[in-house]
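The values are calculated or read from the model by the stated rules, or taken from the named source; none is laboratory data. Keep in mind it's a predicted model, so treat the numbers as computed, not measured. When we count neighbours, we look across all protein chains shown, and the Cβ atoms used for this are built from the backbone with ideal geometry, even at glycine. Ligands, DNA and RNA are stripped out before the accessible areas are found, and what is left, the full protein with its side chains, is counted by its heavy atoms. Shrake-Rupley method; radii C 1.70, N 1.55, O 1.52, S 1.80 Å.
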Amino acid sequence: VKQSGHSRTEGALLHKLGHKIEVIIDAVALDDTHFVAYVQEITERKEYEQQLQEEQQFVESVFDTVPDLLYTFDTEARLTRWNEHFQEISGYTSNELDGMAVTEFVPEDETERIANKFQQLLDERQPMTVESVFETKTGETIPYELTGGLLKDADGTLRGVTGVGRDL
């Protein structure tokens with residue numbers, strides 16, 4: 001037990017049947033020679049966390065190996081997630097991309113149309129595909145087919161739009 005009188009640690013204990021169980025141990029010093037400890041089993045939570053981590057690694061691996069642009073925009077049309085290919089093609093750094101508007105990736109003469117299509121997708125709640133050009137940081141324009149579909153939470157709350165951009 002720490003000098004402060006309280007200690008918390010996670011670890012594994014050996015069950016009397018021979019298997020390991022994951023636990024949190026909270027201990028509080030009563031005086032110099034006595035303490036009280038509370039042990040809580042967290043094996044299921046640790047297994048669930050491991051499954052989530054493996055699932056996240058799988059999704060990120062798929063996300064980054066697709067040769068197309070993959071993207072997610074929030075309901076305000078701000079970029080929230082993208083794959084490595086998006087970053088490579090755009091020429092922007094990760095810090096620059098974070099929060100950029102959907103209209104910042106098309107030439108000025110396309111911004112109104114793309115903004116309207118984005119809003120239409122949110123209003124009609126139907127996936128759509130649009131042909132446009134993708135404008136890089138250096139001003140290069142590349143013809144792209146851009147798809148968008150709704151991104152929702154488990155409870156159905158609209159979080160934004162996710163999609164794929166394919167070089168035409």
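With a 1.4 Å probe and all protein chains left in place, how much accessible area per residue does region 95-168 have, in Å²?
Using a 1.4 Å probe on heavy atoms only, each residue of region 95-168 averages 59 Å².
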Exercise. Only helical DSSP H runs with n ≥ 4 go in: add -39500 (n - 2.57) per run for the chain, normalise by residue count and round the 222 nm mean residue ellipticity to 500 deg cm²/dmol.
Key: -9000 deg cm²/dmol
Self-check item: GNM result for the chain, Cα springs below 10 Å: residue of T138, T129, T33 fluctuating most strongly
Solution: T33
Quiz prompt | Kirkwood-type radius of region 53-156, with distances r between different C-alpha atoms, in Å | solution = 14.5 Å
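Measure off, as a whole percent, the carbon and sulfur share of the 1.4 Å-probe accessible area of region 1-91, all protein chains present. Don't skip to the end; give the middle numbers.
Working: 3410 of 6700 Å².
Reported share for carbon and sulfur atoms: 51 percent.
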Quiz prompt | Accessible solvent surface per residue of region 1-52, calculated while the other protein chains remain in place, 1.4 angstrom probe, Å² | solution = 84 Å²
Exercise. Report the accessible area of D74, computed with a 1.4 Å probe over the heavy atoms of all protein chains in place, in Å² rounded to the nearest 10.
Key: 40 Å²
Exercise. Determine the relative contact order of region 1-72: mean sequence separation of Cα pairs under 8 Å and six or more apart, normalised by residue count, in whole percent.
Key: 21 percent
Self-check item: Residue order for M100, M128 - accessible surface, 1.4 angstrom probe, largest first
Solution: M128, M100
Quiz item: Say a site is exposed when it is one of the GluC sites (Glu not before Pro), sits in a DSSP loop, and has at most 15 other Cβ atoms within 10 Å; what is then the longest site-free stretch of the chain?
Solution: 1-75
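With a/c under 1.5 counting as rounded, go ahead and sort region 1-92 into rounded, prolate or oblate using the C-alpha gyration tensor (a ≥ b ≥ c being the square roots of the eigenvalues; past the cut-off, prolate if a/b is larger than b/c, else oblate).
Prolate, because a/c is 1.5 or more and a/b exceeds b/c.
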Self-check item: Using alpha-carbon coordinates, inclination of helix 43-65 to the longest axis of the chain, degrees
Solution: 20 degrees
Quiz item: Carbon and sulfur atoms: what percent of the 1.4 Å accessible area of region 93-168 do they account for?
Solution: 43 percent
Quiz item: Tell me, which longest segment in the chain has none of the trypsin sites (Lys or Arg not before Pro) that fall in DSSP loops with at most 11 further Cβ atoms within 10 Å?
Solution: 17-124
Self-check item: Eligible lysines near K46 by straight Cα distance, threshold 17 Å, same-chain separation 8 or greater
Solution: K20
Quiz item: Hey, what angle do you get for helix 111-124 against the long axis of the chain, alpha-carbon based, 0 to 90 degrees rounded to 10?
Solution: 60 degrees
